[in-house]
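The values are calculated or read from the model by the stated rules, or taken from the named source; none is laboratory data. Values in this document were obtained by computation on a predicted structure and should not be read as measured data. All Cβ positions, glycine included, derive from the backbone under ideal geometry; neighbour counts span all protein chains shown.
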Amino acid sequence: MSIDRELDDRLAAASGVRDADLPALPADFLRLVTGPDEPASVVAARQLAAEARTAPRRRRPSRRTLVRAGAGVLVLAAAWATAVVVDGPAPVRQPVATPAPATVEPAPLPLDPPGGLTLVGAEAITFPYSLDPAPDGLTPILVRAGGLEMFGAVDPLTYSARYSSEDDPGFTFTVSERDPRVPPPGSYIAPPYTDDEVQDRGTTTVGGRPADFARATLSEPSCTYALASPAQEDEPEELCSDTYAELYWQRADGLWVGVWGWGDRYGSEAALVSVGESIVDRPQPVQLQFGLAPQGWVVSSYESLGNLALIDEADPTNPSERVAVSLLERWRGYDSPDVVLQGMADGNPVEEVTVKGGPARLVSVPDHFADLGTGKRMWYLAAEFPDGTGFLFQAPDTLTRDDVLAMAEGMSYDP
């Protein structure tokens, strides 16, 4: 799950334009994103399907203000590929009150074009940093984002890890080529505290490198969901803390590190310095893996408890050339493949298939990123891992039906 700070950093890393330069977002999209929280991949897919047919408590606003243009368009155009999960205090999502998509017996579909992609064995996906020693009782959520050109600028490649537990908000660290306090052109970043809330501010050292720190007591607690499994059926508890600390420094290799901590355990300078000095360049595996991948495709982004996306290395900014999988939280109402595909079939036949020994649903819809005259299509596959964790798999029609099923069958998830 993503906390306010992490989401803001992702938006801050994105390039954009002024709000006045952007067209208004479609009304249906605004309704979707202001309703109960859903994975952005699902929100974007539902909206794009609605556009093709027609040619929750709301998340607590972040205390850190980001005046940034283009965020809404970025989510709409790229969320299905990067599958960024926007989560916060929201009620359990109830299944949409629409009929389940009609299913059909397996039948030939106009979706196996010649000259498609070739699947090869995928390399293990790893996160390049670890903590030594590892913090007791905390589990990491590992994230890779950025590194692609969007709106004429290249987002810096950023790795981040949030360590937390069911009762400890823990801490987050990021490693990037850019100082996380410095916004990209055309944006403004304010810290998650006011000057009146600052209790201490100054300089220190991390492994002999100069570092800046700040500690604050927030007048309004910062809240996020506790760490939870996507397969659990009960809504996670909410963790709140008014104790906050941050630490920034530049490594000898030029990379910038930011560490943010919350609560009694990590809301202090000493705790964050200890975290910083424990960061080592030692890869660790992410929990979601592809066993097969199209030849010549590479990792675009991932969140170890949320999503994984691949891009064509020869055409990395083409939104039609993406393969992505998003884990779906059962407690939000995603309790069957039929529920996942509600509103996404776009009138196309849904095929009943079997993935990982369980029922799954496969549908092909027009590619909403491609020109209408091209006839290009894309796949949606809703299925579950053996532990009950649901997932939505999305791929271009340059993968055949059998390719899609083979990739889904070859995926692994280690909760």
Matching entry among P156, P169, P210 (being over 30 Å from V298 (Cβ atoms) and under 28 Å from the mean Cα position of the chain (by Cα)): P169
Condition broken by D403, with the remaining ones in (1) assigned to a loop (DSSP other than H, G, I, E, B); (2) out of contact with any helix residue (DSSP H, G or I) (no Cβ under 6 Å at 6 or more places or on another chain) satisfied: (1)
List every residue pair whose Cβ atoms lie under 7 Å apart, where the two residues are 6 or more positions apart in sequence or sit on different chains, the first residue falls within region 163-174 and is surrounded by fewer than 21 Cβ atoms within 10 Å (Cβ to Cβ), and the second residue, located anywhere, is part of a strand (DSSP E or B). S165/T139
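Does L292 satisfy the criteria of being under 13 Å from the mean Cα position of the chain (by Cα), at pLDDT 95 or above and not acidic (D, E)?
Numbers: under 13 Å from the mean Cα position of the chain (by Cα): no; at pLDDT 95 or above: yes; not acidic (D, E): yes.
Judged against the criteria, L292 is not a match.
Every residue, every condition in (1) among the small types (G, A, S); (2) at pLDDT 90 or above; (3) surrounded by fewer than 24 Cβ atoms within 10 Å (Cβ to Cβ), yes or no:
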site	(1), (2), (3)
P316	no, no, yes
D335	no, no, yes
G347	yes, no, yes
V350	no, yes, yes
T354	no, yes, yes
G357	yes, yes, yes
W379	no, yes, no
From G137, G116, which residue is at pLDDT 60 or above, surrounded by 13 or more Cβ atoms within 10 Å (Cβ to Cβ) and on the phi > 0 side of the Ramachandran plot? G137
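Counting just the residues of region 372-400 that are of a type in the set (G, A, S) and outside any loop (DSSP other than H, G, I, E, B), which one comes out farthest from the chain's Cα centre (by Cα)?
First, pick out the residues of region 372-400 that are of a type in the set (G, A, S): 373, 375, 382-383, 388, 390, 395.
Retained after the next criterion (residues that are outside any loop (DSSP other than H, G, I, E, B)): 373, 382-383, 390, 395.
Numbers: G373: 31, A382: 18, A383: 19, G390: 16, A395: 17 Å.
Ranking the qualifying residues of region 372-400, first place goes to G373.
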Whether any residue in region 326-336 is more than 20 Å from T400 (Cα to Cα) and among the basic types (K, R) is what I want to check. yes
Scan region 255-300 residue by residue and report those that are of a type in the set (V, I, T) and assigned to a helix (DSSP H, G or I). V273, V275
Scan of region 172-207 for residues that are over 28 Å from the mean Cα position of the chain (by Cα) and among the charged types (D, E, K, R), ordered by number: D195, D196, E197, D200, R201
